[in-house]
1. A 24 angstrom limit on the alpha carbon distance is what I want to check against. Which of A:Lys352/A:Lys428; A:Lys492/B:Lys428; B:Lys468/B:Lys492; A:Lys428/A:Lys565 exceed it?
2. Pop the C-beta distance of B:Thr12 and B:Val311 into the FRET formula with R0 = 56 Å and round what comes out to the nearest 0.05.
3. Points 7 angstrom from Cα along the Cβ direction at A:Trp545 and B:Thr205: gap in nanometres?
4. Please compute the contact order of the range B:182-284 in relative form: average sequence separation of alpha-carbon pairs under 8 Å and at least six residues apart, divided by the residue count, as a percent.
5. Could you tell me what percent of the DSSP beta bridges with both partners in chain B are antiparallel, to the nearest 5?
6. Between Rg and the Kirkwood Rh of the range B:252-318, both from Cα atoms, what is the Rg to Rh ratio?
7. Can you tell me the relative contact order of the range A:396-539? Whole percent, Cα pairs under 8 Å, sequence separation 6 or more.
8. What net charge is computed for the residues neighbouring B:Arg527, neighbours being all others with C-beta under 9 Å from the C-beta of B:Arg527, Lys and Arg scored +1, Asp and Glu -1?
Protein chains: 2
Amino acid sequence: MVLALAGTAAFTYAIPLSLVIVVLLAIVSASYVQTIHAYPNGGGAYIVARDNLGDAPAAAAGAALLVGYVLTVAVSISSGVAQINSSLPALYPYRVHLSVILTVLVMLINLRGVRESGIIFAIPTYFFVIMIFVALIAGAVQYLTGKLLTVEDLPPLERVGVAQPLTLFLLLRAFTSGTTALTGVEAISNGVPAFREPRSRNAATTLIWMAVLLAVMLVGITFLAVQIDAVPSEEETVISQLARTVDRGRGVLYLMTIAGTAIILVMAANTSFAGFPRLAAILAIDGFLPRQLSTRGSRLVYSRGIVVLTVLSAGFIIAFQASVTALIPLYAIGVFLSFTLSQAGMAHRWWKAGHLSPGDRVEERGSALSYEPGWRARTAFNALGVLATGAVTIVFAVTKFREGAWIVLIVLPALMGVCFRIHRHYRKLAASLSLEEYEPEPSSTRHRVIILISGVHQGTLRGLRYAKLLSNDVTAVHVSFDRREAEKLQRKWETWGEGVRLVILDSPYRLMLEPVLDYIGYITAQRQPNETITIVVPQFVPRHWFDQLLHSQTAMLLRLVMLSKPGVVVTDVPYQVP
Amino acid sequence: MVLALAGTAAFTYAIPLSLVIVVLLAIVSASYVQTIHAYPNGGGAYIVARDNLGDAPAAAAGAALLVGYVLTVAVSISSGVAQINSSLPALYPYRVHLSVILTVLVMLINLRGVRESGIIFAIPTYFFVIMIFVALIAGAVQYLTGKLLTVEDLPPLERVGVAQPLTLFLLLRAFTSGTTALTGVEAISNGVPAFREPRSRNAATTLIWMAVLLAVMLVGITFLAVQIDAVPSEEETVISQLARTVDRGRGVLYLMTIAGTAIILVMAANTSFAGFPRLAAILAIDGFLPRQLSTRGSRLVYSRGIVVLTVLSAGFIIAFQASVTALIPLYAIGVFLSFTLSQAGMAHRWWKAGHLSPGDRVEERGSALSYEPGWRARTAFNALGVLATGAVTIVFAVTKFREGAWIVLIVLPALMGVCFRIHRHYRKLAASLSLEEYEPEPSSTRHRVIILISGVHQGTLRGLRYAKLLSNDVTAVHVSFDRREAEKLQRKWETWGEGVRLVILDSPYRLMLEPVLDYIGYITAQRQPNETITIVVPQFVPRHWFDQLLHSQTAMLLRLVMLSKPGVVVTDVPYQVP
């Protein structure tokens, strides 16, 4: 599509560009194979940067990857829906709805658990690979026998306007658009622990296979697309044009290829649904994200991370109207930034390893480091990776700046700032909770219990029994809106109150919380040092949850107000209505 | 506007129709004066129906009035904004925004408290009455001296289409549109307690004054509007047309009249902001609405009721795009239904009073009843009221059915159903809590305390001190994600744990809540009868509330899960981070 800006003649550059991308893919994959072996417990860019470069680059890599994962979902799902729309153009107006529904569907599959989703995702992957190769081989045979046609009923060439000259800038833009094919590499490196033993070797094999398949498909599709004069379009994908030309119409081969591609693209989002929550958990354990993200839900998945990812990517899909063209410029910059940081971390690691004495072994958080004989070559190789991926990152930021990369260039530092803010909070908290130089407070000896009662009934008496269990010093408090009712209550209390003192607070204007707060303020003001006060609030638990709306949440409101008062605890004693 | 459907010639019927409305106003006002004297503590339709007719008519009256109040706000605010737009047509596209902003503004004034809003609302009322009378007198003088012109630059006559024949149906529709002027009567009757002593007399005087002013203004405006050939329009109100004709353009008199009318209409919403929350509180005390509506907020106003009213009326304004023409058909039906029920209640009351022996006195919830010598005349008078207002209600429902009255005819029974559902819940709850035939459970003697700890620090130790205050049987429980961390924690606990037993629950998959629930399930399964279990959760209270997002709400989640388990109480012990 980018090359189309310079007129269809520029399409001949597509093949050399795709070959350059394959070279880049080879460099990145090869250096990631090194990372996988060095980090058998998972060596994502964040961990490599954290262990070898420090907090700031680590936070940068973490933020870049999180953004990358979110955009992977948005782009994959939108592309998958674009495939569906290519064969069913009537669905085009509903692409945003469809995309959001599919995102939620993938979320639900992932919330169900990892094991099941493994099976669900394996079969379509094989199906897709086979279908694309069938189409490529059929196309290659047609080409070699001179029977390959050109596309018929071309969709309108959009956004072309006046043809721009084919500048280096345009070539670079086209190049960066193609590099988005590389973003799956990081996911494998991050997910090493999910592989079967020997994990590192299996992960490395997978990575190499993926790179090879990717390279063949990329070059093959690009080559055939140029031969058939395919035209980029929002309404029909290049794969759809290719498949229906090879298939001589929309036959079975066409439909199977499109179906396979659509399914695999939607499934591709799954990479992120595995990667994002896992990375968020690692960041949370390190104190860069809220700690809740570090624990799993009952189905052994990081449910919170999965939900956060879904909300964010659905937001991007809606904001960009599920347009792949609009989302792509935002997409790969984060991933390439994290590639660069990961490579830099690995280069630094080999450098350190080279300067250890043979036999030394340094324990690091992520993996052990020992002397490495081939350190010079390895350092050089990863340095080459830094140069290659760093250059792509910069080219990306510059050439795609106006098309949306600026959004990522704002979001990334902002996210890093949030990470640092969270990190500082946890560090300060740990310091202020520390037991070093801590003088234990003298244990509190007096415990005063106040029970709030709205009437005298079985629920109140349950609360009263609990209150008496806590302390011998119990006071019952009732807020009265009506003198006569209060007198009735007092008489009833004499029968049922087990001798506990009853205080009635008059509230002629029907205020509820305020008289209680005044009373507690009065009690706390006159309490002795180290006296603890517990406020017991009997709480109905109706059979249906919506009936809860019919009961005042006094305990919750009191707890909120009392949170800031040391030495006061609010307890609600549930009473299950039979 | 309704008469315009039959062509402008039908406007001559406007004056006779307005006179019929004045007669109706006289009947309703006179019978409400009786109600005010019989119910010195406030005699709204709900109370009168409840005390004299029973629960079902009472709920009907209550629901009708609540709906009426909501629509009063929607109509008043929309009309006020229509006045503003008449003088500043550029604002017409923003009428919905303006209306919602004004609704929120009136809400804020009312949330600040009754006393202040009394003063704020009195001055504009006098200003409005004076301005309208100035305009009416000026118009009358011009008419008598033959100098009254007709309107210039008429706004386009909307929605006319083919002129319909002037049927009785059309006349009745026009009549019902006019009767909406009566809806203020109920507010005074409901609000008697807000008047200064002697309350009933002051309220009755106010009611009569209001009725007289209303009658004069209604007839005066209608008469002059016909003389100047005013035309109904969504874009310029009749008052605006009248004022600029009398003023010979948009001069000072015009602007002051429009300003006065606009302000008074927006302020008119205040009637509902006083009436709705007060009625909702009465209904809540009687168990027809959630009890929370029966208590006041810290500024001595029923804040919850005020907020509910604002949300509902803003909803209507948005749904009907602030169109007075569209809202009016929904508006008066609820009010007239409650008029009818109120009159029926009063008629029944006099009938009962007539059948008491002289000297007898029956205490009722709302007021005392004693023999009334003139009971025959009073009964007959209220029966006439029932006929008149009942007829208007039916005419309203029939003639306005297709224009929106059907919405109210659906909403009203639905709301009544909700009221009955709530009522039943409270009655069943009271029965199941009753202490009749209640055998006190044997007091629990054993109290087991479990404290959850995420680490050993000052917050944990605060929680531990509290736990030891509750019982001698304390167990500390820690969920461990990592064996090495757990061993460190165990060593630290030996130093600081004050000899309390520590249980470590391994959770290699980083589950948090589930191991705790399993453990509690295990403990509760083997507990002795009448053993109570308290789970203490130390809870950080960070200095900034948003930092709370960085801490897991274990206590809250546990409490939700444990609500349904009898004999288990969850307590969070706040630790204020210094």
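Read-outs throughout are calculated quantities, based only on the coordinates presented, and are distinct from any laboratory measurement. Just so you know, these numbers come straight off a predicted model, no measurement behind them. In this analysis, Cβ positions are derived from the backbone assuming ideal geometry, glycine residues included, and neighbour counts consider all displayed protein chains.
1. Working: A:Lys352/A:Lys428 32 Å; A:Lys492/B:Lys428 20 Å; B:Lys468/B:Lys492 19 Å; A:Lys428/A:Lys565 21 Å.
In this structure, A:Lys352/A:Lys428 exceed 24 Å between Cα atoms.
2. Numbers: r = 43 Å, r/R0 = 0.77.
The pair B:Thr12/B:Val311 has a calculated efficiency of 0.80.
3. 5.7 nm
4. 24 percent
5. Details: 3 of 28 bridges.
Roughly 10 percent of the beta bridges in chain B run antiparallel, per DSSP.
6. Working: Rg = 15.6 Å, Rh = 13.4 Å.
For the range B:252-318, the value is 1.16.
7. Details: 142 pairs, mean separation 41.9, N = 144.
Worked out over the range A:396-539, it gives 29 percent.
8. Values: positive: B:Arg446, B:Arg448; negative: B:Glu531.
The answer is +1.
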